[in-house]
1. Could you pull out every one of the aspartates and glutamates with an alpha carbon less than 20 Å from that of A:Lys257, ignoring same-chain neighbours closer than 8 positions?
2. Just in the stretch B:6-68: which chymotrypsin sites (Phe, Trp or Tyr not before Pro) are loop by DSSP and have at most 11 other Cβ atoms within 10 Å?
3. Enumerate the calculated ³J(HN,Hα) couplings along the stretch A:150-159 in order (Karplus 6.51 cos²θ - 1.76 cosθ + 1.60, θ = phi - 60°), each rounded to whole Hz, writing x wherever the residue is Gly or Pro.
4. Looking at the protein assembly as shown, what % of its DSSP beta bridges pair antiparallel, to the nearest 5?
5. What's the magnitude of the charge dipole for the protein assembly as shown around its Cα centre, counting Lys and Arg as +1 and Asp and Glu as -1 at the beta-carbon? Answer in Debye, nearest 20.
6. Return the sequence-ordered ³J(HN,Hα) values of the stretch B:211-225 in whole Hz as given by the Karplus equation 6.51 cos²θ - 1.76 cosθ + 1.60 applied to θ = phi - 60°, using x for Gly and Pro.
7. The stretch B:1-102: which GluC sites (Glu not before Pro) are DSSP loop and have at most 16 other beta-carbon atoms within 10 angstrom?
8. Along the charge dipole of the protein assembly as shown, pointing to its positive end and built from +1/-1 on Cβ of Lys, Arg, Asp and Glu, which listed residue (B:Asn235, B:Pro137, B:Leu148) has its Cα farthest out?
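All of the numbers you see were taken from the coordinates with simple rules; none came from a lab. Everything numeric in this text was worked out from a predicted model, so none of it was measured. Here the Cβ positions follow ideal geometry from the backbone for every residue, glycine too, while neighbour counts run over all protein chains shown.
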Protein chains: 2
Amino acid sequence: MKLNILGCHSATPTENTHTTSQVLEVKDHFFLIDCGEGTQNQLRQQKIKFSRIKHIFISHLHGDHFYGLVGLISTFRLLGRTADLHIYGPKGIKDVITLQLKLANSWTNYNLFFHELERKKSELIYEDELITVHTIPLDHRVYTNGFLFQEKPGLKRLDKNKLRNYNIPHYDFHNLKLGRDLVLDDGTELKNEMVSLDPIPIKRYAFCSDTAYNESLVPLIKGVDLLYHEATFLNAHENLAQKTKHSTAAQAAKIAKLSEVKRLVLGHFSSRYRDKNRFLAEASPFFDVVELAADGKIFDI
Amino acid sequence: MKLNILGCHSATPTENTHTTSQVLEVKDHFFLIDCGEGTQNQLRQQKIKFSRIKHIFISHLHGDHFYGLVGLISTFRLLGRTADLHIYGPKGIKDVITLQLKLANSWTNYNLFFHELERKKSELIYEDELITVHTIPLDHRVYTNGFLFQEKPGLKRLDKNKLRNYNIPHYDFHNLKLGRDLVLDDGTELKNEMVSLDPIPIKRYAFCSDTAYNESLVPLIKGVDLLYHEATFLNAHENLAQKTKHSTAAQAAKIAKLSEVKRLVLGHFSSRYRDKNRFLAEASPFFDVVELAADGKIFDI
């Protein structure tokens, strides 16, 4: 997995900062998460091919998370896209996008599927041969979901050194990768673990923005390899965080600690703070495997 | 009048090009014309104070002319705007903006007035002490208007040299500026033109984008000081211009010639052409006071 931060600032784009959008690469899949105004330009800057994006996940319908979506949909059309596009987001997203396409008399020449969300419990919203995506219900001023991307376990790997000790026909290798035991031609019972290694460990990524401090996240994101958690404010504005249902850097770190995640990335910074290192300074007493997001930064998971 | 081009490219924003938006300054008034995605960033780049924009004119509801509007409206709110904002655009614009504000549960904390347009004849849509704005019905794939900005005539100016020959009380100066004749204390009849000069000539600016070649514009824009006319295509793609209801550079120049405008600025360029000078080359045989728009370029009118 590779996480490409296109924008990680709150509220409004400026000359040098971009609102929320990121691309999660999982093998050859490119999942777009949120789509603030200007996301299509950020995709170009990052040299991400538009045609590789087939699934877009929108956390909530505040402008800094989705005002770039209709423009991206239109640009896909202008680029001659033919592949299906799937959009997952709060109920209402279909109306607002289709109204704009209707007024412009510019229907897409590719299939556009909306998967509207309204459940307040975590649910499976996407699954393919490699990955599942579940919602992570968040606590914000409007209906909001984070998203948990989880790889499916791969096949077991064969231990070539141990394999040599047995006379195993090639056609049984796949059975071993599936975890099955074998009975060899000479009657030997071969337990799977005698010649196999565990699959490559799966990776899990959790995106949680925007949200107030919310311990009900903890069981949903337990032990993920990377947690992106919003940290709009610093301690000095904890009241404002509470009022606007955002988090401080320290609160994000507390959630990371409780969830025993492997690594925390902070984002969704308010533009009122010039020195972003203060977010690190306030988070690290609570959880020390913490980094700052930055527009254009890439995290290997 | 000063015309500040924020973006003058068609279809979709890219790393280096911006879709349609411009600011017309008339004394201390800042009129925003069209608002493609990213306009708020272009306003910042050009150091235009957001608070000075009180009237926004939207030609039509294609994305490259208005997908930046809802973001700008939201940013005004975040900046604590209190002044009224007036938006003039095709019927439907109110629904699409208010639906987005409703879904975000983010109503403006300033008054937002929509003036929806649906007439197919030119009409007066704005007037204050300095200026009038009329629609210019255009011929495009959806309902579209250009806009004619016209200064009101100022007062007549007094000719100080001639004034010395008469004994005119100061309180009559304003009557002279209003064009009135006077009868002086000694019974002399003083014709206004004996001591006055014409007012400073008024300026007129016409914005015409997007439109097919359309001679019905001519009477509406006759003799304007500056005509911004779309020139999406070159001659090689005249068929495409016809099909998509756009113009070529040559067609824009023909309209300028027929309209006897003082100066033509071409814009709304298709990204398929790298060398923009070809637009000039194809326009100038028909009308030679022609310039190219460019993002960030300022035209004094």
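1. A:Asp139, A:Asp210, A:Glu215, A:Asp225, A:Glu230, A:Glu238, A:Glu282, A:Asp288, A:Glu291
2. Here no chymotrypsin sites (Phe, Trp or Tyr not before Pro) fit, given the DSSP loop and packing criteria.
3. Using θ = phi - 60°, the values come out as 9, 5, 7, x, x, 6, 5, 9, 8, 8 Hz.
4. In the protein assembly as shown, approximately 55 percent of DSSP beta bridges are antiparallel ones.
5. Details: 78 positive and 72 negative charges, 61 e Å.
Here the protein assembly as shown has a charge dipole of around 300 debye.
6. 7, 6, 4, 8, 5, 6, 5, 3, x, 6, 10, 3, x, 4, 5
7. Working: sites: B:Glu15, B:Glu25, B:Glu37; in loops: B:Glu15, B:Glu37.
Passing both the DSSP loop test and the Cβ count: B:Glu15.
8. Going by the Cα projections, it comes out as B:Asn235.
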